[in-house]
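The structure appears right after this line, and notes come after that.
The values are calculated or read from the model by the stated rules, or taken from the named source; none is laboratory data. This structure is a prediction, so every number in the text was calculated from the model and none was measured. Here Cβ is always computed from backbone atoms with ideal geometry, including for glycine, and neighbour counts include all displayed protein chains.
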Amino acid sequence: MDPNIYVLIKNEYDRRRKKAIDELEARKSELYYHVPRLEEIEEEIHRAGFKYNKLLLMGLLSSDSAEEELTTAIDNLGEERSKLLSKYGYPSDYLTPAFACDKCSDTGIVASVSGDKTCVCYKQQLINYIYDQSNLSITGNEGFASFLADFYADVPSEARYGIKKSPRRQILGILENCKNFVENFGSSEVRNLLFSGPTGVGKTYMSGCIAIELMNRGYTVLYQTAPSLFNTIYEYRYKSSNDDSYDNSVYKSIMEANLLIIDDIGTESPTGMRYAELLGIMDTRCANDKRKPCKTIIATNIDLKKLFEYYDERVVSRITGSYDIFRFAGDDIRRLKNSTPP
Ligand SMILES: [Zn+2]
C-alpha cells in the first residue's frame, strides 16, 4: 500500500472534523447573539462538568447527594436548552457538531472493549482512495456479478472465432480462472494473467471486474494503457532528477500497486528501449511480489504469435514463464450491445 494514502486519509479526516467544528462555532455565535441565555447555559454546564470532574478526581464525590446535585443541575440545564431551541424554532441537534460519521466523530477510530478499532467509514474511505488512484473508468462495472456471458455466442465456429470451443464456454472458463485469481490473490502461487483476443471481446471489462473485486478487498490497483505506461516511465526518467515539482506517484504505483493492468500492449511503437523498460517493470514487480502481492494483467489485441515476434525474446520468456495466458473470443460486444434493443 502506498504510504501516501494514509497521509491523505488522515488529512481528509482532519479536514472533516475541522469543518464540523467550525460550522458549529458559526451556528453558536449567530444563535447566542439572538438568544443570549443559551450561551449562559453552555457556560454553566461547562462549570458544573468541571466541578464534577474535579470532585471525582479528588475522591470527594463519595457522598451520593453531591453527585446527584450536580448531575441534576446539568440535566436541568440541558432541558432548559432544548426548550429554548424548540421555542426559537431550531432543531434539537443544532448545538452538536454535524460530523460526517456519527460513529467515530470523524476521527476514523472507534473505541471498543477490545481496544480502538478503525471505523467502517475509514475502510470505505480507503477503498475510495484506492478507486481514485486506480485510473480505471468503471461505470456500470460491479465486479464479477455484472459480467454477462450472454454476449458470447454459444455455437462453436473455429473458422469464425479461431478456437474449438464456443466463445461462451471459453469465457465461462476464463471467468472461473479470474475468480480464482482474486480469491487466491494473497498467495505467492498465483500467476500473472495475459489476455489476448480481438477488440471488443471483454478483455478490458474482465480486467475491470478483477480490479473492482480486489479494490473492494483493499488492494491497490493501477490501470494503464501501454502508451501511457511508457510515457509515465519516460517522464520519470526525464523529470525525476531535474524537476522539483514532478509527482512520481504514478511511477511508484506502476512498480508497487498490488495489481497493475497494462492494456493494449503492442499498440505502442516498438523500440529497444521500450522492451528494456517493460522488462524492468516485470522484474521489479516480480521482486516486490515476494514481500506483498504485486501481480500484473497484460491485455493485447495482437495475436500471440505476432506479439512474440514483435517483442524481444526476453520479454516473451518472462511472459511464458510467469503468466497464465487466456484467449478471449467472440463477436464485438460493443457492436452487439448497440444493435440490441433495450
Ligand atoms: Zn466513522
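Below are the figures for this structure:
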{"quantity": "Meets criteria (away from the ligand (no atom under 16 Å from the Cβ), surrounded by fewer than 17 Cβ atoms within 10 Å (Cβ to Cβ), of a type in the set (S, T, N, Q) and modelled with pLDDT of 90 or more) for residue 86", "calculated": "yes"}
{"quantity": "Wholly enclosed helices (runs of 4 or more DSSP H) of region 229-326 bearing at least 1 residues touching a Lys or Arg at 6+ places or on another chain (Cβ under 8 Å), surrounded by fewer than 18 Cβ atoms within 10 Å (Cβ to Cβ) and of a type in the set (Gly, Ala, Ser)", "calculated": "313-322"}
{"quantity": "Qualifying position, being modelled with pLDDT of 90 or more, within 30 Å of residue 33 (Cα to Cα) and either under 34 Å from the mean Cα position of the chain (by Cα) or within 16 Å of the ligand (Cβ to nearest atom) (or both), among 96, 107", "calculated": "96"}
{"quantity": "All positions within region 98-110 that are over 30 Å from residue 80 (Cα atoms) and part of a loop (DSSP other than H, G, I, E, B)", "calculated": "107, 108"}
{"quantity": "Test for residue 176: is it within 23 Å of residue 5 (Cβ to Cβ) and assigned to a helix (DSSP H, G or I)", "calculated": "no"}
{"quantity": "Selection count, region 202-246, where residues are free of Cβ contacts under 8 Å to residues at least 60 places away in the same chain and among the β-branched types (Val, Ile, Thr)", "calculated": "3"}
{"quantity": "Qualifying position, being within 27 Å of the chain's Cα centre (by Cα) and surrounded by 13 or more Cβ atoms within 10 Å (Cβ to Cβ), among 175, 148", "calculated": "175"}
{"quantity": "Residues within region 128-168 that are more than 22 Å from residue 327 (Cβ to Cβ) and among the small types (Gly, Ala, Ser), tallied", "calculated": "6"}
{"quantity": "Residue match in region 111-130 (condition: at pLDDT below 90, part of a helix (DSSP H, G or I), more than 16 Å from the ligand (Cβ to nearest atom) and surrounded by 12 or more Cβ atoms within 10 Å (Cβ to Cβ))", "calculated": "yes"}
{"quantity": "Contacts under 6 angstrom Cβ, first residue in region 104-133 being without any contact (Cβ under 8 Å) to a residue 12 or more places away in the chain and hydrophobic (A, V, I, L, M, F, W, C), partner part of a strand (DSSP E or B) and more than 8 Å from the ligand (Cβ to nearest atom), 6 or more apart", "calculated": "110/117"}
{"quantity": "Residue count, region 33-47 (criterion: farther than 24 Å from residue 70 by Cβ and surrounded by 11 or more Cβ atoms within 10 Å (Cβ to Cβ))", "calculated": "1"}
{"quantity": "Residue 330 vs. criteria touching a helix residue (DSSP H, G or I) at 6+ places or on another chain (Cβ under 8 Å), within 23 Å of residue 206 (Cα to Cα) and not aliphatic (A, V, I, L, M)", "calculated": "yes"}
{"quantity": "Which listed residue is surrounded by 11 or more Cβ atoms within 10 Å (Cβ to Cβ) and in a helix (DSSP H, G or I), from 55, 95", "calculated": "55"}
